[in-house]
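K.L.:
First the structure, then my questions, so here it is.
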Amino acid sequence: MVLDDVGEITRIDAGGMLGLIQRLADMTLEGWLAAADIPLPPRRPGVVVVAGLGGSGIGGDLLRALLAPYSPIPIVVVKDTRLPAFVGPETLLFASSYSGNTEETLALHGAARRSGAWIVAITSGGTLARRARAEGHPVVTVPAGLPPRAALPHLLMPMLRVTASLGLGGPTDSDVRATAALLRDLAGRLGPAVPVPENPAKRLASRLHGHVPVVYAATPTTAPVAYRWKTQLNENAKVFALWNAFPELSHNEVVGWEGVQAAGAPFVVILRDEDDGPRAAREVEAAKAVSLSRARGVEEVWSQGMGLLTRLMSLVLFGDFVSAYLAVLRGIDPTPIQRITEMKRRLQDGPEAR
Ligand code: PA5
């Protein structure tokens with residue numbers, strides 16, 4: 001079995017994605033420290049906007065889920081070339097682009113500048129860093145040379161540090177240390193050296209192999225993690241994948257399962273969390289009875305640790321490993337993303353905004 005052959009895993013994972021996934025704990029601490037001295041807006045903003053796409057946008061989705069239970073103001077994620085009309089001087093806008101060269105994010109950054117928003121740029125460099133520095137906006141500099149999706153903690157943690165400092169919710173120092181400790185422990189238990197029988201991430205990757213993965217979040221709180229699983233399965237394993245979240249999917253997608261044939265049936269992963277509550281638990285069981293009996297298989301993956309940041313990041317780490325192991329099973333290097341590069345190349349000479 002290839003997943004029990006560390007030499008073969010290393011050979012296929014030529015870009016070193018698994019090594020980066022194992023560094024998630026360190027990156028969490030580094031990202032938290034990176035924003036320690038970032039200048040804050042003079043008064044509490046009326047809204048927080050995160051502008052970022054793909055691997056640089058998922059941090060915004062997680063920020064929104066993490067702050068929703070606490071923040072007195074809305075957190076809005078924009079994955080577009082245009083900003084909503086409400087953005088203005090009362091807005092705190094995080095311009096998140098790993099490369100600093102993403103067309104959409106640069107367009108949003110330009111519009112935010114014109115609107116008078118308080119801008120914090122989070123980037124490893126590129127045009128975004130240059131423009132932000134020229135305008136005198138705070139810049140959180142992310143280490144260069146990583147695939148953007150592998151740099152998630154470097155993009156998420158600075159935003160959490162700023163929102164925590166503004167009293168909008170977010171972890172304390174000790175929460176972040178606890179998250180890093182759990183991630184380090186989990187990375188040890190799910191790493192390439194741990195053989196299949198003792199490694200649930202390798203086992204799940206083996207079960208998914210050959211089937212379309214469908215990742216369901218048991219509640220909207222874990223929805224951004226289900227989306228992260230889907231995008232990591234897309235980019236690392238290079239497979240088509242779907243995601244959705246309860247309770248919304250009970251109102252539409254459960255019917256779509258009527259069209260699923262045994263040959264080609266998807267494999268369902270359900271992300272569970274201790275805070276899901278009894279209603280979500282009943283709903284998951286109802287969906288299994290009503291529709292998911294048509295799936296190739298159903299597996300629940302539970303978050304681990306204490307505190308929402310730790311629990312969501314534990315699910316992120318698990319999914320990142322699953323996606324990389326599925327790539328290895330398919331004999332594919334997880335790191336290259338040629339089609340994204342090709343899309344950007346084809347679009348690069350167009351106008352910045354629609
Ligand atoms: O995973 C990826 O590489 C992509 O999803 C990128 O994050 C996305 O294309 C945006 O680029 P950047 O992160 O440099 O802003």
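The values are calculated or read from the model by the stated rules, or taken from the named source; none is laboratory data. Remember, it's a predicted structure, so these values are computed and weren't measured experimentally. Methodologically, a virtual Cβ is constructed for each residue, glycine included, from the backbone with ideal geometry; neighbour enumeration extends over all protein chains shown. Ligands, DNA and RNA are stripped out before the accessible areas are found, and what is left, the full protein with its side chains, is counted by its heavy atoms. Shrake-Rupley method; radii C 1.70, N 1.55, O 1.52, S 1.80 Å.
K.L.:
Where does the chain land on Rg/Rh, using Cα atoms and the Kirkwood Rh? Can you show the working numbers first?
P.N.:
Values: Rg = 20.1 Å, Rh = 20.8 Å.
Ratio of gyration radius to Kirkwood radius for the chain: 0.96.
K.L.:
Longest exposed-loop-site-free stretch of the chain, with chymotrypsin sites (Phe, Trp or Tyr not before Pro), DSSP loop and at most 16 other Cβ within 10 Å? If you can, show how the numbers build up before the last one.
P.N.:
Numbers: sites that count: Tyr70, Phe86, Phe240.
Longest site-free region, per DSSP loop and neighbour criteria: 87-239.
K.L.:
Additional query: How tilted is helix 152-165 with respect to the longest principal axis of the chain? Cα atoms for both, answer in degrees (0 to 90, nearest 10).
P.N.:
Tilt of helix 152-165: around 50 degrees.
K.L.:
Using helices alone, I'd like the mean residue ellipticity at 222 nm for the chain: each DSSP H run of four-plus residues gives -39500 (n - 2.57), total over residue count, nearest 500. Write out the running numbers ahead of the final one.
P.N.:
On the way: 14 runs with 161 residues, N = 354.
The per-residue figure over the chain is -14000 deg cm²/dmol.
K.L.:
In debye, nearest 20: dipole of the chain around its Cα centre with unit charges on the Cβ of K, R (+) and D, E (-)?
P.N.:
Working: 36 positive and 34 negative charges, 135 e Å.
Magnitude of the dipole: close to 640 debye.
K.L.:
Accessible area of region 14-72 with a 1.4 Å probe: how many percent of it is carbon plus sulfur? Provide the component values of the computation, followed by the final result.
P.N.:
Details: 1230 of 2250 Å².
Carbon and sulfur together cover 55 percent of it.
K.L.:
Please report the equivalent ellipsoid semi-axes of region 17-170, computed as sqrt(5 x eigenvalue) of the Cα gyration tensor, largest first, in whole Å.
P.N.:
They are 22, 18, 14 Å, listed from largest to smallest.
K.L.:
Related question: Taking amide hydrogens as modeled 1.01 Å from N in the peptide plane, which residues meet the under 5 Å criterion relative to Val215, leaving out close sequence neighbours?
P.N.:
Excluding prolines and chain starts, which carry no amide H, the hits are Leu242, Trp243, Asn244, Val269.
K.L.:
Can you tell which of His137, Pro158, Gly170 lies farthest toward the positive end of the dipole of region 17-170, using +1 and -1 charges on the Cβ of basic and acidic side chains (Lys, Arg; Asp, Glu)?
P.N.:
Working it through, the farthest residue towards the positive pole turns out to be His137.
K.L.:
Taking the Cα atoms only, what angle lies between the long axis of helix 277-290 and the longest principal axis of the chain, rounded to 10 degrees?
P.N.:
Taking Cα atoms only, the helix is inclined about 50 degrees.
K.L.:
Please compute the per residue accessible area over the chain with all protein chains in place, 1.4 Å probe, rounded to a whole number of Å². Could you put the intermediate results ahead of the total?
P.N.:
Numbers: 14890 Å² over 354 residues.
For the chain, the per-residue accessible area is 42 Å².
K.L.:
Roughly how many whole Å is it from the C-alpha centroid of region 256-284 to that of region 309-335?
P.N.:
20
K.L.:
Now a separate question. With +1 assigned to the C-beta of every Lys and Arg and -1 to the C-beta of every Asp and Glu, and no other charges, what is the dipole magnitude of region 17-170 about the Cα centre in debye, to the nearest 20? Intermediate results must be reported in sequence, preceding the final value.
P.N.:
Numbers: 13 positive and 9 negative charges, 45 e Å.
For region 17-170, the charge dipole is close to 220 debye.
K.L.:
Going by amide H atoms built from the backbone, whose H comes under 5 Å of the H on Val78, apart from near neighbours?
P.N.:
Val50, Ala51, Gly52
K.L.:
What is the percent carbon and sulfur in the accessible area of region 272-354, measuring with a 1.4 Å probe over the protein chains and ignoring ligands?
P.N.:
Values: 2370 of 4530 Å².
Here it works out to 52 percent.
K.L.:
First select every other residue whose beta carbon is under 12 angstrom from the beta carbon of Leu233; then total the charges, Lys and Arg +1, Asp and Glu -1.
P.N.:
Numbers: positive: Arg149, Arg228, Lys230, Lys238, Arg330; negative: Glu235, Asp320.
Net of charged neighbours comes to +3.
K.L.:
Using the Kirkwood radius over Cα pairs, work out the Stokes-Einstein diffusion coefficient for region 192-310 at 20 °C and 1.002 mPa s, in µm²/s as a whole number.
P.N.:
My calculation gives 144 µm²/s for D.
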